[in-house]
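Below is one structure, written out as structure tokens; comments come after it.
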Amino acid sequence: MAIAVSPEVADAPVLRLTSLAHGGGCGCKLAPSVLQQLLADQVEANPFRRLLVGTETGDDAAVWQLDDDICVIATTDFFMPMVDDPYDFGRIAATNAISDVYAMGGRPIMALAILGMPLDKMPTHMVRDILKGGRAVCATAGIPVAGGHSIDSPEPIYGLAVIGTCRPEDIRRNSGARPGDALILTKALGVGIYSAAIKKQALPPGGYAEMIASTTLLNRIGSDLAQDESVHAITDVTGFGLLGHALEMARGSGCALVIRDRDVPLFSEAALLAEQGFVTGASRRNWASYGDAVLLPADMPEWRRHLLTDPQTSGGLLVACTRDKAAALVEKMVADGYASACVIGDVESGAPAITVQA
């Protein structure tokens, strides 16, 4: 089947942002195995009583307790462009950064911009559009971009440092899943696959709009979920793919996770594109890093596996909750605008690992 060039991509700026970077989006993240090596001698007992969440389980943000009633959540996230439109790049990067606060159960209050640009290679109006996109998303989230820092860099980089707040009892970590819980995913997978197609100008018509709608949808529902006692753990699915972030949840929680491949929501063209080879290098690095802890169906083709290791930029939330409340939570998510939300698996007793069922 021939794949048409997306009209959205055809109308992209003459200077393609993606041509200035060797990678893009959360696919730029270091492989999980490399990150583990770098941090191997830096994870130690936490001597700070008020630091509730640090580097122990690879959680989404740090949490510091100010007093009995309030915690401060701090995070930062930045990357190189995975789309060519500078305004959209800014929107995606900002949405992705703010997601870490929502994933912890908090609400953002302020952001600082992180900017690195090759000004000898791109006009200043494109940089302004990146900043405008980020500011627009922050306005939607109800927070200011209160400052930031910029450097001259060989590749375009943009993101945010975000501060949020939360009540101590509403903090949700990636390590709270319990045997018997159901697993919910709030957004469809396929961002990295679509990004690979964009780079080759082969994304089918309508695909770009589908991707932008997902990657600029704020995960603000995380703040509401954290106030529900039936929700035990939350994490956002980004550069390590669904399997990588699920494995972090399994290891942090000391549980085994089962994911039903048939139930995982996908972008409309993701399976076809993956089967035709539109996958990222990050997807392969992800599998090489943690594949030994994942049991796949014997007959699963490699392209299908790539859907589960595909790096998501501004992906959805992976939620562990009591099974009896899962259907009602999914119904609420869909009503709140997360149309792809669905139950995709279960939490079981056992050694931390992931089993994928067909």
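The values are calculated or read from the model by the stated rules, or taken from the named source; none is laboratory data. Bear in mind the structure is a predicted one, so any value in this text is a computation, not a measurement. Counting neighbours? That spans all protein chains shown, and the Cβs are built from the backbone with ideal geometry, glycine included.
What's the total number of residues in segment 188-226 that are of a type in the set (S, T, N, Q), in a loop (DSSP other than H, G, I, E, B) and touching a Cys at 6+ places or on another chain (Cβ under 9 Å)? Break it down into steps so the answer makes sense when it comes.
Taking segment 188-226 first, the residues of a type in the set (S, T, N, Q) are 195, 201, 214-216, 219, 223.
Subsequent filtering for residues that are in a loop (DSSP other than H, G, I, E, B) retains 201, 216, 219.
This time we only want the ones that are touching a Cys at 6+ places or on another chain (Cβ under 9 Å), so: none.
Selection size over segment 188-226: 0.
In segment 225-247, what count of residues is obtained for those that are more than 11 Å from residue 173 (Cα to Cα) and in contact (Cβ under 8 Å) with a residue 12 or more places away in the chain? Give the steps one after another, and end with the answer.
First, the residues of segment 225-247 that are more than 11 Å from residue 173 (Cα to Cα): 225, 227-230, 237-247.
In the following step, the residues that additionally are in contact (Cβ under 8 Å) with a residue 12 or more places away in the chain were identified as 225, 227-228, 230, 237-247.
Residues in segment 225-247 being more than 11 Å from residue 173 (Cα to Cα) and in contact (Cβ under 8 Å) with a residue 12 or more places away in the chain: 15 in total.
Kindly indicate whether any position in segment 145-167 is crowded, with 22+ Cβ neighbours inside 10 Å and closer than 27 Å to residue 345 by Cβ.
Checking segment 145-167: at least one residue is crowded, with 22+ Cβ neighbours inside 10 Å and closer than 27 Å to residue 345 by Cβ.
Out of 347, 334, 294, I need the residue that is in contact with a Ser or Thr (Cβ under 9 Å, 6 or more places away or on another chain) and surrounded by fewer than 15 Cβ atoms within 10 Å (Cβ to Cβ). Which one?
Working: 347 fails: surrounded by fewer than 15 Cβ atoms within 10 Å (Cβ to Cβ); 294 fails: surrounded by fewer than 15 Cβ atoms within 10 Å (Cβ to Cβ).
Step by step, each of 347, 334, 294 is checked, and only 334 is in contact with a Ser or Thr (Cβ under 9 Å, 6 or more places away or on another chain) and surrounded by fewer than 15 Cβ atoms within 10 Å (Cβ to Cβ).
Does residue 224 fit the bill of being closer than 22 Å to residue 61 by Cβ, charged (D, E, K, R) and either in contact with a strand residue (DSSP E or B) (Cβ under 8 Å, 6 or more places away or on another chain) or surrounded by 20 or more Cβ atoms within 10 Å (Cβ to Cβ) (or both)? Break it down into steps so the answer makes sense when it comes.
Values: closer than 22 Å to residue 61 by Cβ: yes; charged (D, E, K, R): yes; either in contact with a strand residue (DSSP E or B) (Cβ under 8 Å, 6 or more places away or on another chain) or surrounded by 20 or more Cβ atoms within 10 Å (Cβ to Cβ) (or both): no.
Taking the combined requirement at face value, the residue does not satisfy it.
Can you pull out the helices (runs of 4 or more DSSP H) entirely within segment 278-335 that have at least 2 residues that are small (Gly, Ala, Ser), within 26 Å of residue 254 (Cα to Cα) and in contact (Cβ under 8 Å) with a residue 40 or more places away in the chain?
On the way: elements: 281-290, 302-309, 323-335.
The helices (runs of 4 or more DSSP H) meeting that bar are 281-290.
Restricting attention to segment 133-150, does a residue exist that is modelled with pLDDT of 95 or more and touching an Asp or Glu at 6+ places or on another chain (Cβ under 7 Å)? Quick ask: steps written out before the conclusion?
Step one: of segment 133-150, the residues modelled with pLDDT of 95 or more are 133-150.
Imposing the further condition that a residue be touching an Asp or Glu at 6+ places or on another chain (Cβ under 7 Å) reduces the set to 133.
Within segment 133-150, one or more residues are modelled with pLDDT of 95 or more and touching an Asp or Glu at 6+ places or on another chain (Cβ under 7 Å).
Any idea which residue in segment 227-244 is surrounded by the fewest Cβ atoms within 10 Å (Cβ to Cβ), counting only those that are more than 16 Å from residue 101 (Cα to Cα), of a type outside the set (Gly, Ala, Ser) and in contact with an Asp or Glu (Cβ under 8 Å, 6 or more places away or on another chain)?
Restricting to residues being more than 16 Å from residue 101 (Cα to Cα), of a type outside the set (Gly, Ala, Ser) and in contact with an Asp or Glu (Cβ under 8 Å, 6 or more places away or on another chain), the top hit is 232.
State all residues of segment 13-57 that are aliphatic (A, V, I, L, M), outside any loop (DSSP other than H, G, I, E, B), under 30 Å from residue 212 (Cα atoms) and at pLDDT 70 or above; if no residue qualifies, say none. Step through it out loud before you land on a result.
Of segment 13-57, the ones aliphatic (A, V, I, L, M) are 14-15, 17, 20-21, 30-31, 34-35, 38-40, 43, 45, 51-53.
Those still in the list that are outside any loop (DSSP other than H, G, I, E, B) too: 17, 20, 34-35, 38-39, 51-53.
Narrowing the set further to residues that are under 30 Å from residue 212 (Cα atoms) leaves 17, 20, 34-35.
Passing the criteria: 17, 20.
For segment 59-168, give me every one of the strands (runs of 3 or more DSSP E) that falls completely inside it and has 2 or more residues that are under 25 Å from residue 227 (Cβ atoms) and not assigned by TED's automatic domain parsing to the domain that holds residue 312. First the steps, then the outcome.
Details: elements: 62-65, 71-79, 107-117, 145-152, 157-166.
Correct list: 62-65, 71-79, 107-117, 157-166.
Is there a residue being buried (at least 19 other Cβ atoms within 10 Å of the Cβ) and in contact with a Lys or Arg (Cβ under 8 Å, 6 or more places away or on another chain) anywhere in segment 258-272?
For segment 258-272, residues buried (at least 19 other Cβ atoms within 10 Å of the Cβ) and in contact with a Lys or Arg (Cβ under 8 Å, 6 or more places away or on another chain): absent.
Mind counting the residues in segment 227-277 that are under 16 Å from residue 57 (Cβ atoms), touching a strand residue (DSSP E or B) at 6+ places or on another chain (Cβ under 7 Å) and not hydrophobic (A, V, I, L, M, F, W, C)?
Result for segment 227-277: 6.
What residue, among those in segment 169-187 that are part of a strand (DSSP E or B) and not charged (D, E, K, R), is farthest from residue 214 (Cα to Cα)? Quick ask: steps written out before the conclusion?
Initial filter on segment 169-187 (part of a strand (DSSP E or B)): 181-185.
The next check asks that each one be not charged (D, E, K, R); those that pass are 182-185.
Numbers: 182: 23, 183: 20, 184: 16, 185: 13 Å.
Per the stated criteria, the residue is 182.
Which of the following residues is within 18 Å of the chain's Cα centre (by Cα) and more than 16 Å from residue 245 (Cα to Cα): 327, 320, 358, 339?
Matching residue, one of 327, 320, 358, 339: 339.
Tally time: how many residues in segment 72-88 are farther than 14 Å from residue 100 by Cβ and not aromatic (Phe, Trp, Tyr)? Quick ask: steps written out before the conclusion?
Step one: filter segment 72-88 for residues farther than 14 Å from residue 100 by Cβ, giving 80-88.
Filter once more, so that each one left must be not aromatic (Phe, Trp, Tyr): 80-86, 88.
Counting residues in segment 72-88 that are farther than 14 Å from residue 100 by Cβ and not aromatic (Phe, Trp, Tyr) gives 8.
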